[in-house]
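Accompanying notes for the structure given below.
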Number of protein chains: 2
Amino acid sequence: MPTLRDVARLAGVSISTVSHVLNKYDDINEETRQKVLAAIKKLDYHANSMARGLIKNKSSLIGLILFGEGIGHPFFHQVVRGTIDEVEKRDRNAILSTVPHDGYEAAPIFRKMHEHRLEGLIVLGLPEGHAAMARILNSKIPTLFVDAVVEGERIGSIRSDNFRGAFLATDHLLQLGHTRIAFVNEASEAAIFEERFRGYLAAHEKWGVEFNPALYIKTGNYRVEGYRAARELFERDRQVTAIFASSDRLAFGVMDELRRAGLQVPQDVSVVGFDDIELACFANPPLTTVRQNGNLMGERAAKELVAMLEDPEYTPAPILIDTELMVRESTGPVRGINARLSSA
Amino acid sequence: MPTLRDVARLAGVSISTVSHVLNKYDDINEETRQKVLAAIKKLDYHANSMARGLIKNKSSLIGLILFGEGIGHPFFHQVVRGTIDEVEKRDRNAILSTVPHDGYEAAPIFRKMHEHRLEGLIVLGLPEGHAAMARILNSKIPTLFVDAVVEGERIGSIRSDNFRGAFLATDHLLQLGHTRIAFVNEASEAAIFEERFRGYLAAHEKWGVEFNPALYIKTGNYRVEGYRAARELFERDRQVTAIFASSDRLAFGVMDELRRAGLQVPQDVSVVGFDDIELACFANPPLTTVRQNGNLMGERAAKELVAMLEDPEYTPAPILIDTELMVRESTGPVRGINARLSSA
DNA sequence: ATGAAAGCGCTAACAC
DNA sequence: GTGTTAGCGCTTTCAT
């Protein structure tokens, strides 16, 4: 690979002149500039970012750390895509790392994070209370957390308006006349699920419908767990007419069980999800769900992180991204299902 | 951030002694070594990989370039995950880049690839004949192509055994008594789709069933296109009893249309997909499909690429990953559907 | 407007 | 065993 020296030699100028041309200083004679440019082109010269980074003490590298399922989670890959594209636009690069599960040895990631002098971090899916949190905060690297509520200097966070999303979903069901609305929530300490629960509660309050604890189930985040949750639900209370799940995946699991039990959606039971993953509109029936704009979240995350990097004084306030209820065909007006259930 | 110098000063030794400790040379007195290690720990020292890379002329960075849908494609994120994990194990880092579509200005990516002195490239979803191919080959950077057949020095490629997968799928249908088996194939110049077509043909030949060109449809890679393809198929020939789609997504689209037309799967029409994405087993009915082991492909890709980086003489032969037919409930024995169709 | 030279943090060849 | 030193490719004063 050619170096500055080679370019300088070919152009018949000094090394620093070439550097000035490269860095667009305006103190170079146009003629000289052209000579240099020609040499650069001829040699197919590309500045060595390691040398540049070494002297400027900047790597231009941003770490994208995915905890848990990460990229496998249908919602996260929207975020990842949004992030990557934005990071690239801002002339930086994203280094991807995954921390599959809690027990996983995350130390190598932190080592690399320091060795490569990552300028900033974007963190997805970090479970509340995970040991990594302290290490990240401790690193003093500007970080943007997606879907986690963290505050601190040079720390940003972004999440959907989960409260409003869940409120909208529940309100929609109440409006359709449902009063026995179950909520299948992901059992995680993460604030976002707590927020969704509060939205569910708030809608009940608005309509003066009392919350029935038997209708609240906490579970995992896989489809089968939605399936099992629905089963347990019907064991607890056979009169449920609507189920709100805290993710589309869980909602699909719920529908699996409903189908197995011979119940029709939405005639017998209405179902609402959360996320609006690609599949939601292809489900049978198409799923009514709360849309999270993952791409936008990824973009904003990258944008705010880069803003922090470019202004050492800046710490963004927590960012809330609008959610939107997508009404499709898995929800309908309440209808008695008692007859069918008791004869089943 | 502390430097080698700081460590050396604190430990009361020279800079090169510290370097030797770091690089695990065995010519250091144990006592000295401990002093140095203590200083490193105390200062929380982390070697600067830019300085190291500069001198060693190695960035330890691998570019993961996603063309088209990339990460959004349900099959690719398995591959991405496999790649990332393996790359990390081998003490390198993956830089992610996306080239959303053909018209997209890919130049910045190539610039960065050179500036960061990427040691190797893993390329996913590069369409046949894309302009980027020449630039990649031209860069002389060792590259591993996933799902593309490319040969060249320091170039590797990996793909599923598409021929066998398609053969197995078609053979399965023929064995069930189907003879009018449509094939909905992604219309791409990519060799992998050609291979699947050949597998389809080969199974026909094995059973002495003649290929009917009217039953072969080329289309896009989105679900709606599977939907439309199925529609066109029935306009061409109402006696189709089985449909093989070149991706699960297309298969889902096909099933959408079947459902709309009031046809039962598999009683009226059998459907087989390709990929075995997470969703396949949750479809209704669960989809019979050809499994591609994306994770394994990602891992192998990373492994082979790193092998190339570590041995400058090595160029791997094209790699074929086994495919497997997952028989689920979307396929069943033939049954006449003529009656239903003509009365429809 | 251009060049000489110092030095970013590290490795490696060579002294001692 | 340990230290000295040159230099990786670049940016950046500071001269001229």
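Brief remarks follow.
- The single condition among (1) within 15 Å of DNA strand D (Cβ to nearest atom); (2) on the phi > 0 side of the Ramachandran plot; (3) not small (Gly, Ala, Ser) that B:Asp91 does not satisfy is (1).
- For B:Lys35: the one exception among (1) away from DNA strand C (no atom under 16 Å from the Cβ); (2) facing chain A (nearest Cβ under 10 Å); (3) over 26 Å from A:His77 (Cα atoms): (2)
- Any hit, region A:162-173, residues being crowded, with 24+ Cβ neighbours inside 10 Å and without any contact (Cβ under 8 Å) to a residue 40 or more places away in the chain: yes
- Some residue of region A:81-89 being more than 9 Å from chain B (Cβ to nearest Cβ), open to solvent by 10 Å² or more (accessible area, probe 1.4 Å) and within 12 Å of the chain's Cα centre (by Cα): no
- Residue count, region A:180-221 (criterion: within 21 Å of A:Gly129 (Cβ to Cβ) and open to solvent by 50 Å² or more (accessible area, probe 1.4 Å)): 5
- Selection from region B:90-112 of residues that are within 9 Å of chain A (Cβ to nearest Cβ) and either among the β-branched types (Val, Ile, Thr) or under 23 Å from A:His114 (Cα atoms) (or both): B:Asp91, B:Asn93, B:Ala94, B:Ile95, B:Leu96, B:Ser97, B:Thr98, B:Ile109, B:Lys112
- Selection count, region A:13-39, where residues are assigned to a loop (DSSP other than H, G, I, E, B) and open to solvent by 60 Å² or more (accessible area, probe 1.4 Å): 6
- If the condition is being part of a helix (DSSP H, G or I) and either among the acidic types (Asp, Glu) or open to solvent by 70 Å² or more (accessible area, probe 1.4 Å) (or both), then region A:123-147 contributes A:Arg135, A:Asn138.
The rows are residues; the columns are (1) out of contact with any Asp or Glu (no Cβ under 7 Å at 6 or more places or on another chain); (2) more than 14 Å from every other protein chain (Cβ to nearest Cβ); (3) at positive phi.
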site: B:Val271; (1), (2), (3): yes, yes, no
site: B:Ile277; (1), (2), (3): no, no, no
site: B:Thr289; (1), (2), (3): no, yes, no
site: B:Ala302; (1), (2), (3): no, no, no
site: B:Thr315; (1), (2), (3): no, yes, no
site: B:Asp322; (1), (2), (3): no, yes, no
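- Residue pairs whose Cβ atoms lie under 7 Å apart, sitting 6 or more positions apart in sequence or on different chains, and linking a residue in region B:2-13 that is near DNA strand D (Cβ under 10 Å from one of its atoms) to a partner that is small (Gly, Ala, Ser), are B:Leu4/B:Ser19; B:Ala8/B:Ser14; B:Ala11/B:Ala39.
- Remark: pairs (first residue in region A:122-150, free of Cβ contacts under 8 Å to residues at least 12 places away in the same chain; second residue among the acidic types (Asp, Glu); Cβ separation under 6 Å; 6+ apart in sequence or on different chains) are absent.
- In the condition set (1) assigned to a helix (DSSP H, G or I); (2) open to solvent by less than 90 Å² (accessible area, probe 1.4 Å); (3) under 22 Å from A:Ile109 (Cα atoms), B:Lys42 is compliant with all but (2).
- Among the residues of region A:148-161, the ones that are open to solvent by 20 Å² or more (accessible area, probe 1.4 Å) and of a type outside the set (A, V, I, L, M) come to 6 in all.
The values are calculated or read from the model by the stated rules, or taken from the named source; none is laboratory data. Being a predicted model, the structure only gives us computed values, none of them experimental. Please note: Cβ atoms are built from the backbone with ideal geometry, for glycine as well, and neighbour counts cover all protein chains shown. Ligands, DNA and RNA are excluded from the accessible area calculation, which covers all protein heavy atoms including side chains. Shrake-Rupley method; radii C 1.70, N 1.55, O 1.52, S 1.80 Å.
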